[in-house]
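Have a look at the structure below before the remarks.
The values are calculated or read from the model by the stated rules, or taken from the named source; none is laboratory data. Treat the numbers as computed from the prediction; the structure is a model and nothing was measured. Here the Cβ positions follow ideal geometry from the backbone for every residue, glycine too, while neighbour counts run over all protein chains shown. Areas reflect the complete protein model, heavy atoms only, side chains present, ligands, DNA and RNA absent. Shrake-Rupley method; radii C 1.70, N 1.55, O 1.52, S 1.80 Å.
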Amino acid sequence: MPNSGQLHWDSRDGRVAAVAAAVAYSLWTLEVVLPGGGTAAQGALADPDAAFGRFLDSAHRVAAILVVVAAALGLAMGARETVPWLTVSWWSMAVFGAASLVAAVLPGRCVVATDAACAAESLAEGAGGTTAAQGVFALVAILAALVGVAMLAVDRYRAGDRAWPLVAVVAVLQAVAAVAVLVLAFRVYAAAAGDGPGAAPGLLERAHLVTVALWLLAAGLLRGPWRHTGPARPADLSP
């Protein structure tokens, strides 16, 4: 009879955590049914003082924790056929979750912790006690997510998974969104410093969240990254 004082995890827990995180990062879509929401410059993502904006901030913190849990279980119980690529993907996912969580708890007015454009504007204007650390962690999270999905696509290709083209498409879309967000962050920072016209970050912010959610959804739904070549056994993560 197993010891009930120990926690036993298996790959299903990691998959559920990844999918739950994807759902949490997609909750902003509910703003389209809320009064005044759904436009590029309005809605909960642009209004941190709104009740739903505060809810999203909390949801994203929970999502970041779930991402770290999924990555840890992936490292412990992931497939072993293409170890280097998949290991880099799991570690990148862990870095993304950790950086997102740190950025979320730092002082600032950005609803989305990985919103580099908002962090750049807040830093330039000195709003809400924002420091350079938030921008750095937002940048780390964006780059880590991009590496994570790219390595997952390579892993699925090398493993002969028929779903690899879908993951590759998500990787390309995330690369485009990440570059666009970073370029916008530079423009917003320059504009806030008085060097040029500003730009509304809403659409790109939402587009990047979509690609992040799709990456996490793929990581959770695909069975390949979680499949062992040897006998499956639960992970004992008790102290």
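In terms of accessible area, using a 1.4 Å probe and ignoring ligands and nucleic acids, Arg227, Arg156 rank largest first as Arg227, Arg156. With a simple spin-label model that places each label point 7 Å from the Cα along the Cα-to-Cβ direction, the separation between Val105 and Val179 comes to 3.5 nm. Place a point 7 Å from Cα of Ala133 in the direction of its Cβ. Which residues in the range 75-119 have their backbone N less than 20 Å from it? Answer for the range 75-119: 95-119.
Could I get the Rg over Rh figure for the range 133-180? Both from C-alpha atoms, Rh via Kirkwood, rounded to two places.
Details: Rg = 12.2 Å, Rh = 11.2 Å.
With Rg and the Kirkwood Rh in hand, the quotient comes to 1.09.
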